[in-house]
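Visitor: Before we start, here is the structure in question, set down as structure tokens.
The values are calculated or read from the model by the stated rules, or taken from the named source; none is laboratory data. Since this is a predicted model, take the numbers as computed values, not measurements. Cβ placement follows ideal geometry from the backbone for every residue including glycine, while neighbour counts extend to all protein chains displayed. All accessible areas refer to the heavy atoms of the entire protein, side chains included, with ligands and DNA or RNA removed. Shrake-Rupley method; radii C 1.70, N 1.55, O 1.52, S 1.80 Å.
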Amino acid sequence: MNEKAIREAVSKMIVAIGEDPGREGLIDTPRRVAEMYSELFSGMHQDPLEELKVGYELGHRELIILKDIPFYSMCEHHLLPFYGVAHIGYVPNIEGRVVGISKLARVVECISRRPQIQERLATQIADAINDGLNPDGVAVVIQAEHMCMVMRGIKKPGSSVITSALRGAFRKRATIRAEFFSLIQERK
Ligand code: ZN
């Protein structure tokens, strides 16, 4: 990532909004924003499939769910945060190929740390797991609050957007789909 170019751009933005980039509180802001963007957009240069390489054959063929995975992403329309939770379910293939649970959370982190829209976040997570594990089916549900809806425009704090992406068995079999949706809605 070109941090120097980000610093220069942020400095120009500060001038453009009528502020003084030289005043005490703002003088280091371009550097801070550039460092922060390197972190927030670190997923741009990562391949989520790397996280799924080390799978193993457990012979387990039942539904596996990881729910309430927290994520923070940046909406590509406004460069404001949207954040919430992701729920992932998959049914291993005939060999029972599974992956460590933490790897699923790493896939979410990698794909959310990019300029994103929520619909694509769900789709890319589902596609990565589909490609990486070749499961019988994968389901991803994302529930998020968007700062660009809360702070500006329609100003609807507390509203959340839900998106989903379903592949394989979750499309074809109503029972497995129903099992997934009922389990992710269960409260602790
Ligand atoms: Zn937005």
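Visitor: Which of the lysines could be linked to K155 by a straight reach, that is with a Cα gap under 19 Å, when you skip same-chain ones fewer than 8 residues away?
Guide: By straight Cα distance, K155 reaches no lysines at all.
Visitor: Turning to a different aspect of this structure: Keeping all protein chains in place and using 1.4 angstrom, which order do Y56, Y90, Y72, Y83 fall into by accessible surface area, from largest down?
Guide: I get Y72, Y56, Y83, Y90, largest accessible area first.
Visitor: Just reorder T175, T123 by solvent-accessible area, largest first, 1.4 Å probe, all chains present.
Guide: T175, T123
Visitor: Which order do the peptides 140-146, 2-8 come out in when sorted by mean C-beta neighbours inside 10 angstrom, highest first?
Guide: 140-146, 2-8
Visitor: Still on this structure, please answer the following. To the nearest 20 debye, what charge dipole does the stretch 21-68 have about its Cα centre, counting +1 at the Cβ of each Lys and Arg and -1 at the Cβ of each Asp and Glu?
Guide: That gives the stretch 21-68 a dipole magnitude of about 160 debye.
Visitor: Order these peptides, 57-65, 113-121, by their mean beta-carbon neighbour count within 10 angstrom, highest first.
Guide: Answer by packing, highest mean first, reads 113-121, 57-65.
Visitor: How large is the Kirkwood hydrodynamic radius of the stretch 6-87, counting all unique pairs of alpha carbons, in Å?
Guide: In the stretch 6-87 this quantity evaluates to 16.5 Å.
Visitor: What translational diffusion coefficient, to the nearest whole µm²/s, does the chain have by Stokes-Einstein, given a Kirkwood radius computed over alpha-carbon pairs, a temperature of 4 °C and 1.567 mPa s viscosity?
Guide: It comes out at roughly 71 µm²/s.
Visitor: Okay, moving on. Can you list the lysines whose alpha carbon sits under 19 Å from that of K12, skipping same-chain ones fewer than 8 residues off?
Guide: Straight-line reach from K12, under 19 Å: K4.
Visitor: Here is a follow-up. Any idea how far the Cα center of the stretch 1-75 sits from the one of the stretch 123-161, in Å?
Guide: Cα centroid of the stretch 1-75 versus Cα centroid of the stretch 123-161: 17 Å apart.
Visitor: FRET efficiency for N134 and K4, Cβ-Cβ distance as r, R0 = 45 Å, nearest 0.05?
Guide: Working from the Cβ atoms, E equals 0.60.
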